[in-house]
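To keep things clear, I will list the structure first and then write my remarks on it.
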Amino acid sequence: MAAIRLERGILMTGMESCIFLGAINRPFARAYFINEGTVRLCTDAKGDFREAPFARDVLLPHDMQPGTPASIDENGSISSTSHNRLSLSLETAGNILAINHDGTTIIQQHIHEKDPLLFDITAKPGEGFYGFGEWFNAFRRTDGSLSLYNHEAPAFTQHKRTYSAFPCFLSDRGYMILILNAHRGMTRINKPRGRLTIRFSGGSLDYVFIYGPSFRMILERYTSLTGRPPLVPLWAFGLWNTAYPVENQEQTLARIEQHRVKNIPLDAVIFDYHWEQGFHTFTWRKKLFPDHKAMLARMKTHGVRAGLIYTPYINKKALSLYKLLVRLYVKNAPRGVPFLSSDNAHELYIEADKKEYFAHKNVTWWLGRGGAPDFTDPDAVNWWFDLQKPLLDDGVYFFKNDGGEYLPETAVSSTGLVKSEFHNIYSFYYTRAVFEKSQEYHRGDRALVFSRTNWAGTQRFPGIFLGDQTPEFKHIAATMRCGLNMSLLGYAYWGADVLGLYRKPSALLHKRYTQWAIFSPLARYFSSPFDEDRNPWGIDESCEENFRRHADLRYRLLPYYYRLAHEASITGIPILRPLCLEFQEDRETLSIADQVMIGDSLMLCPLVSDTSNTREIYFPKGQWYDIWDGTCHSGPSREIISPPGDRAPLFVLGGKPVIMGPVMPFIADDHRFSDIEIRMYPPFNGASFLYEDDGRTREYEKGRYALQHIVFRQKEDEIGILIPPVEGSFDNQPAHRNVTLELYMITEPGEVSSTVDNMQHVYDRNTRTLSISLNIALQNKTEIIIMQKNK
């Protein structure tokens, strides 16, 4: 049967599109297949198969594959259908729906007639679950409960709640489930009974089941349905800063100057609350920023882009006492801001109220009480974003859209969302509005947001930050768990802030927190005008040097990160990954959340405890080389290591070329990968590629990009390196490239030859490193042959 295209806005109630399973004239399940591993189902013992209005926005248009006609066995007890290797069977007597792959039952769902909003599936002994949103308190779960409700979640509450909770989870048995229900939910994993349940307060049990069994296949299928992250501007892979509280115009420019003087790179500054006159008037606070246009122009000459923080709320009233207490406790406002300032946007509030643009008129948040725009209403979105256009005209590039978790459950939407479901899904529409309107404003250039609260599907509106922490070792571990949960839900761009939001760090934490968070897909550090120790150059020279060393390495890895970003945009595979995504067949990796893979070649293993300068590391199969000194560790194995205090434990997998670039103070809009270094450790068999485009526009979506492959092949007495002609093109693409090849732990060669005349090479007997440098024409094939010495 031909596939039926499901377009946005069409309800799936047509008999020609769906299969209904159950007893004759009494269906218990509606289903359609999407591909050989994906099926969408809605179950209800009374046949009430409702679709939430937001489902058509979260899911992208996709093909509907109805599958075989539903059949009922001769006893009338089992109803079944199938599509390729996936099949469904419903036992009508017990109301048990089985999802099978190649005849093996993957899950069984118990459909409850008296409890229709209880999602109830079997869990096998030892089965672990990941995801459920942006959770800090666990990575792989085998038991316990968690609330699916978005909260403000300061650091001291992150053991029990989070900013972004949604019913999407991955099982280590090789399947994923996304439930299209945004009502408040309670998840329970009952290990003794072997059940996973989610009880919702409303809505329906409309869900997507995806089978892999490989995690990679699951993510590819999931993100093909909910969206993949587009590329962000190349400069976004540089270092960002936010001062908390915001620094004034003079302080901001002085900070940027310090970065340049101290040779610590910087690419963006996000201005925190109190940059504006009121919340939210979208106008600069003149007392702090007397000439913001001049400041933005000066930032641009230093290669630093500007971002602004806001929430969605238009204040009608300040919470004076609350503001005073918060200011005294966390010092969240700078000098020059009155303690009892009104900070409202009364005129804008009245205008939006008259136009009926609010989803709720009386939202209480930490800086006031006001109205929340209805981001499902296009007119409200246009009105709201038009207020921000002058900021962009003046030179601001992007917005940090904070605080999307305060919407009361009595809010209303233009799309008919049930009141109690709008709270959780509000963040989806909020983030979509900021991203899509920014994209529209920038025309052909790339958009970027930095959101705090999310729901399934917002991975296609990059990026996110992992909320607020303090400089403690437990928060290094917590943000690692959180980031890896989000990676397994398709989020390629997230950031764990260096040093957390506030509080004074120790010298040890200054170093160790930097060694973790600076390698986040998006890297930002929080400083404070009230605490010099929170600067990259804070506390002492050893902290400054540690920060500079790891920031420089971050920038040197730019070509590598950018290749991973390209892969995320076409496959959904994230940049930072849990070990189980790369080594799923190794069950030792399934629970590891204090080590991360940066792509397929690098493994980062931060110290997450202040009780010891040593830690245990699990090395999966292969040869792993310390990036700093080349020490080799063979896997699979567990080893206790004692990393130097000024070195992140970072290891390169042998046989995986790592492409690097130069150190630089910032990433220019016209930056090209004209100078690269390719590092390779034994075995000298492997391949990689350099991805390159203009770094700024969306022309890559039209195929305007280039790939440069690098292939290593080792025979008994020689190593061959092949760099084929570049594939593809884009505007202002370089014609030549300076290439340095660094081959580590290699026997001294007898002869090195190349098809390029300008090649030079040198061998270091002390480090056993062969360095080869050459300039290549990108349209030509380059070959290098390394012959071993005769024995």
R0 = 41 Å: FRET efficiency of ARG188 with THR631, Cβ-based, nearest 0.05?
-> 0.35
Signed unit charges on C-beta, dipole axis of the stretch 672-788, positive-most listed residue ILE785, ILE678, GLY695 = GLY695
Assuming R0 = 45 Å, can you tell me the calculated FRET efficiency for the pair ARG647 and ARG26, based on Cβ-Cβ distance, to the nearest 0.05?
-> 0.10
Which sequence of ASP497, ASP610, ASP394 reflects their accessible areas, 1.4 Å probe, from the largest down?
-> ASP610, ASP394, ASP497
What percentages, rounded to whole numbers, describe P(r) for the chain computed over all alpha carbon pairs with 20 Å bin width beginning at zero?
-> 16, 47, 32, 6, 0
About its Cα centre, the stretch 234-571 carries a charge dipole, from +1 on Lys and Arg Cβ atoms and -1 on Asp and Glu Cβ atoms, whose size in debye to the nearest 20 is 480
Measuring from centroid to centroid over Cα atoms, what is the spacing of the stretch 197-211 and the stretch 490-532 in Å?
-> 36
Where in the stretch 286-374 are there GluC sites (Glu not before Pro) that are in a DSSP coil and have at most 14 other Cβ atoms within 10 angstrom of their Cβ?
-> GLU356
Tabulate in residue order the Karplus-calculated ³J(HN,Hα) for the stretch 238-253, using 6.51 cos²θ - 1.76 cosθ + 1.60 with θ = phi - 60°, rounded to whole Hz; enter x for Gly and Pro.
-> x, 8, 10, 9, 10, 8, 10, x, 4, 8, 6, 4, 5, 5, 4, 5
Measuring from its Cα centre, the stretch 673-791 shows a charge dipole (+1 at each Lys and Arg Cβ, -1 at each Asp and Glu Cβ) which, in debye to the nearest 20, is 220
So what are the ³J(HN,Hα) numbers for the stretch 704-715, from phi and the Karplus equation (6.51, -1.76, 1.60; θ = phi - 60°), rounded to whole Hz, Gly and Pro as x?
-> 8, 7, 9, 10, 10, 8, 9, 10, 10, 9, 10, 10
Within the set of other residues whose C-beta is less than 13 Å from the C-beta of SER601, count the net charge using Lys and Arg as +1 and Asp and Glu as -1.
-> +1
Between HIS709 and ASP586, the FRET efficiency computed from the C-beta separation at R0 = 22 Å comes out, to the nearest 0.05, as 0.20
Separation in nanometres of the label points that stand 7 Å from Cα toward Cβ, at ASN758 and LEU118 = 7.3
Under 24 Å between alpha carbons - lysine pairs in the stretch 3-213 that sit 8 or more apart or on different chains = 4
Of GLY728, PHE271, VAL304, which is farthest on the positive side of the dipole of the chain, counting Cα position, with +1 on Lys and Arg Cβ, -1 on Asp and Glu Cβ, and the Cα centre as origin?
-> PHE271
Mind listing the long-range amide H neighbours of GLY622? Cut-off is under 5 Å, sequence gap 5 or more, other chains count too, H placed in the peptide plane at 1.01 Å from N.
-> GLY635
Just the accessible area for ARG563, please: 1.4 Å probe, Å², rounded to the nearest 10?
-> 10
Simple Cβ-charge dipole of the chain, Lys/Arg +1 and Asp/Glu -1, about Cα centre, in debye nearest 20 = 1340
At 7 Å along the Cα-to-beta-carbon direction for both ALA687 and ASP379, put a label point, then send me their distance in nm to one decimal.
-> 5.7
Pairwise centroid distance, computed over Cα atoms, of the stretch 295-321 with the stretch 719-774, Å = 46
Taking the dipole about the Cα centre of the stretch 357-469, with the C-beta of Lys and Arg at +1 and of Asp and Glu at -1, give me whichever of PHE385, GLY404, TYR357 is farthest to the positive side.
-> GLY404
Please report how far the C-alpha centroid of the stretch 552-621 lies from that of the stretch 345-360, rounded to the nearest whole angstrom.
-> 46
List the aspartates and glutamates whose alpha-carbon lies under 13 Å from that of LYS331, not counting same-chain residues fewer than 8 positions away?
-> GLU247, ASP272, ASP531
Scoring only Lys, Arg, Asp and Glu (+1, +1, -1, -1) among other residues with Cβ under 15 Å from the Cβ of PRO643 yields -2
Accessible area, probe 1.4 Å, largest first, for residues THR223, THR104 = THR104, THR223
So which of LYS474/LYS511; LYS293/LYS389; LYS316/LYS437 end up more than 21 Å apart, counting from Cα to Cα?
-> LYS316/LYS437
Hey, if we sort MET299, MET664 by accessible area with the 1.4 Å probe, largest down, what's the order?
-> MET664, MET299
Just subtract the alpha-carbon distance of ASP102 and GLU748 from 0.36 nm times their residue separation and send over the number in nm, one decimal.
-> 227.3 nm
Taking amide hydrogens as modeled 1.01 Å from N in the peptide plane, which residues meet the under 5 Å criterion relative to ILE34, leaving out close sequence neighbours?
-> VAL39, ARG40, GLN65
Per-residue HN-Hα couplings for the stretch 205-213 [Karplus 6.51, -1.76, 1.60; θ = phi - 60°; Hz; x = Gly/Pro] = 9, 9, 9, 10, 10, 10, 10, x, x
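The values are calculated or read from the model by the stated rules, or taken from the named source; none is laboratory data. Keep in mind it's a predicted model, so treat the numbers as computed, not measured. Every residue, glycine as well, gets a Cβ built from its backbone with ideal geometry; the counts of neighbours run over all protein chains shown. The area values use the complete protein model at the heavy-atom level, side chains included, leaving out ligands, DNA and RNA. Shrake-Rupley method; radii C 1.70, N 1.55, O 1.52, S 1.80 Å.
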